[in-house]
Structure formats: structure tokens, C-alpha cells
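See below for the structure under consideration.
Each value in this text was obtained by applying a stated rule to the coordinates, not by laboratory testing. All values derive from a computational prediction rather than experimental measurement. Using ideal geometry, Cβ is built from the backbone for each residue, glycine included, and neighbour counts are taken over all protein chains shown.
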Amino acid sequence: MPELPEVETVCRTLRPRLVGRTVTGVRLLRPFVANCAPAEFAERVGGRRVEGVRRRGKYIVIELGASPGRPPDDLIFHLMMAGRLGHRPPGAAPPDPVEAKHTHAVFTLDDRSELAWADLRHFGRIHLVPRHQPEAIPPGLAALGPEPLAAGFTAARLASILRRRRAPLKLVLLDQAAVAGLGNIYADESLHRAGLHPLRPACSLDPGEVRALHRSLRAALREAIASGGTTLRTYVDGEGRRGAFQARLRVYGRTGKRCARPGCEGTVERVRVGGRSTHFCPLCQPPRTAVRNSR
DNA sequence: CTCCTTCCCTGGGAGC
DNA sequence: TGCTCCCAGGGAAGGA
């Protein structure tokens, strides 16, 4: 599932292929543009130069430069669970059956290569919004919380977010308005690394636990990016490569297996939290912090 | 404001 | 072999 590390990897692989290129053609095979009609979409994107490719939360933002009579636009993609945004060399066929069947939009570039949008589940969406027009930004993007890998995301910042919420930790980590970019995989992995039970009320953490969670989620995200993301089913990066982090998952998708922490005898359990499967080790992540021997 | 539920969509696996 | 059922899950919307 594309979460922050996967979306970041897609952006990094697409950036050198797209920036500086001009879009010469737009083919919309299915009308999955959320906020404008196909004809208007093609007219507004065609002929534009790509000025940048950036990530915000789980969104990919392709910045289209101004052209005569047209102010700059942002072309915004959300991959949801099964979306792919990939670069294909000139004349290349869809690289696998999934893309052959579920490619919904193709952008041709001035070097005759293509940017293809595919989505097996048809959940993903494209938005085209004027660069500086806040009311046109998709609500989920407008309401995003802080980037967890940004320099300004300190343990103190995380503490102030958790302090105000009584909901289970797992739900707060999944809330994109609290912290941007975590999904089911990295929420579970972060909580396991921090030794925190997913049902603990967010506001119940002491300062040491907040610091542990802050360290853990940043470490998990950084390591996943370094591995090119997690491929469980359909995820590939902008050049069609699978991620490698699935081999390093400690609890996610490992229900009934031995906890991955060396020496731990625990067995990974699964519970549902807010309708989401949640994986944890009952020994590493006790319901309440064990009482420490003081002095 | 916070929290909770429902819906969207397809493929793949389990079970019969 | 083929059928049904259920699950995966992020975000939007609506209600309490």
C-alpha cells in the first residue's frame, strides 16, 4: 500500500524523468479526474512544462508551469491502495497485466516517453488545481498535519499532537490531519518499535514514550525509503521496481508468527481498530507500561 | 471539535 | 471446476 515511503520513492524516481519535460499529449481512458471534465483536463495539461515533482503526505504533486494565458497548475495524484504512477520509455507496452487492464490515463512527453496512471482498485484520484488557489485543493491535502521527516517535527511537536487526543494511538497515527503520510503498515511498525500498545490512549504517553515513538516512526520511515518501500501486492516505484522493505516488517501481516525482535518469545496478534487490521506483539507492546522499579 | 460508521472498487484466497 | 463469501484499505461525507 503506498504510504509515505512508497510515495516518496515514486517521486524520487519520477523527478529526473519528468522535470524539464513538456506534456505533448493526454489520453484519459477512464474519467477519474475528480474536479474537472476530461476535455478541460486535456486542454489545461497539454503543452505544459513540468517544473517540479514533490510529495506532501501521500499525495504526489506535479507542478505544471505557466504558459501564455494560463497560470500555473498543480497536477495532484493520490495512489490510495493500488495506484501506480509510472514512467514508460517511448513505445513501451504496459509492463504487466495489471497495467494493461487498469491504465486510466497516459501523459505523453516531448521525448516521446510516457507517464502512465494505473489503478487496479479504481480508488485513486487525480486533481488539477490552480497553483495558488486554496479552495481548489482537495480537502484531505489541505488539512494535512506535519511531515514526520521534516526538521520541524520534534518530539515536542508530537507530544502536543498526542496530548489533545484520547483516541487509541493507532487511530491518531492513521489520522492524516495529525501526522501526514503514515498508513496501516508504518503505524503498526512504528508502535512495535516504540514498544507501545496500539490501543493506548494517545494522551496517556509519558515524555519518554513520546520520544520513543518519535524516534521509532522516523526510523521506520527512513529505513523503508532506503529500501524503496514495501511491496505486498501491487506497489512499484516510478520505474516499475518493487520495494524491499516487506522483508523487514516486524509485525505487519505477520499474525501468528514469532515476534521479529531478537530473543522475544511473543507471537504477533491481530485486532481490529477503527475497522483496520492492527498487528502487535503482546510482550513487546503491553497494554500499559510496566511499572518501573524506581531507584 | 472529536469520534464513529458507511461507502467506494477489484482481485485473490478460503471454503464448499 | 466453479461458485460464493470475505478481506484488503485511505479518504470523504454525514451523524452523534
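Under 14 Å Cα to Cα from A:LYS257, which aspartates and glutamates show up? Leave out anything in the same chain fewer than 8 places away.
Partners found: A:GLU265, A:GLU269.
Using the basic label-point model (7 angstrom from Cα toward the beta carbon), what is the A:ARG248 to A:ARG164 distance in nanometres?
About 3.3 nm, to one decimal.
What nm distance separates the two modelled labels at A:VAL19 and A:ALA150, each placed 7 Å from Cα along Cα→Cβ?
A separation of 1.9 nm, rounded to one decimal place.
If the cut-off is a Cα-Cα distance under 18 Å, which lysines reach A:LYS101, setting aside same-chain residues fewer than 8 apart in sequence?
Partners found: none.
So, in nm, how far is label A:MET81 from label A:ARG218 when the simple model puts each one 7 Å beyond its Cα toward the Cβ?
Here the modelled spin labels are 3.2 nm apart.
Along the Cα-to-Cβ line of A:GLU269, 7 Å from the Cα, sits a label point; which residues in the range A:157-172 have backbone N less than 20 Å from it?
Counting only backbone N, you get A:167-172.
Looking at chain A, which Cys residues are left with no other cysteine's beta carbon under 4.7 Å from theirs?
A:CYS11, A:CYS36, A:CYS203
Based on other C-beta atoms within 10 Å, arrange A:TYR59, A:TYR186 from fewest to most.
With the fewest neighbours first, A:TYR59, A:TYR186 line up as A:TYR59, A:TYR186.
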